[in-house]
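The values are calculated or read from the model by the stated rules, or taken from the named source; none is laboratory data. Bear in mind that the values here come from a model prediction, so they are computed numbers and not experimental data. Methodologically, a virtual Cβ is constructed for each residue, glycine included, from the backbone with ideal geometry; neighbour enumeration extends over all protein chains shown. Ligands, DNA and RNA are stripped out before the accessible areas are found, and what is left, the full protein with its side chains, is counted by its heavy atoms. Shrake-Rupley method; radii C 1.70, N 1.55, O 1.52, S 1.80 Å.
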Amino acid sequence: MRIHSILKSVAIVSVLGVIASCGGSDSSSTSGGEISKADFVERANAFCTSLSEKLANAQADLGSSPTEEQISGFMTDALVAEYRLTIGDIRNLGFPAGDESLLDGILSDAEKVLDEINSDPVAVLSAAETPFADVNAGFQDYGLTVCAET
């Protein structure tokens, strides 16, 4: 019983950490120059707000005592899937001129983390910190505060 309680607590903390980052799907590069940084930040943060709400609802659907299988399903079916859609939405905005490489790198790093979670969703539960720590730092540094804190 105690292991199940610990697993649940770690899952919730890990999921909240993962939610703190935005993104991941289409890894193709997006040309910049058509969107200002301020508009990009505002719109990307809005996508992350939506992601956070979707994941909070999916997490609530798990109930108070999810099984490891349910948590694993949440990680792949909700978290990874919704995060990838959000990355696609962010990429579709286009990137501000001069920031293409930086933003593509951050989003590509997020996609790599999602690939790792998808291949072993339970491993994130035993991680000491969110696997998105570096991605979150990149978002925060760029001004995507909602994406880094959601």
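On the stretch given as the stretch 57-92, residues that are over 12 Å from Leu114 (Cα atoms), open to solvent by less than 50 Å² (accessible area, probe 1.4 Å) and among the aliphatic types (A, V, I, L, M) total 4.
Against the definition (open to solvent by less than 30 Å² (accessible area, probe 1.4 Å), touching a Leu at 6+ places or on another chain (Cβ under 7 Å) and part of a helix (DSSP H, G or I)), how does Phe139 come out, yes or no? Criteria not met by Phe139. At pLDDT 95 or above and either over 22 Å from Val146 (Cβ atoms) or crowded, with 17+ Cβ neighbours inside 10 Å (or both): does that describe Ser101? Judged against the criteria, Ser101 is a match. Of the numbered criteria (1) open to solvent by 30 Å² or more (accessible area, probe 1.4 Å); (2) closer than 22 Å to Glu34 by Cβ, the one Phe95 fails is (1). Considering (1) surrounded by fewer than 16 Cβ atoms within 10 Å (Cβ to Cβ); (2) in a loop (DSSP other than H, G, I, E, B), the lone condition that Lys112 does not fulfil carries the number (2). Quick check on the stretch 84-95. Is at least one of its residues at pLDDT 90 or above, aromatic (Phe, Trp, Tyr) and not in a helix (DSSP H, G or I)? Yes; the residues of the stretch 84-95 include at least one that is at pLDDT 90 or above, aromatic (Phe, Trp, Tyr) and not in a helix (DSSP H, G or I). Remark: Leu144 falls outside the filter, which requires a residue to be closer than 13 Å to Phe40 by Cβ, aliphatic (A, V, I, L, M), open to solvent by 20 Å² or more (accessible area, probe 1.4 Å) and in contact (Cβ under 8 Å) with a residue 60 or more places away in the chain.
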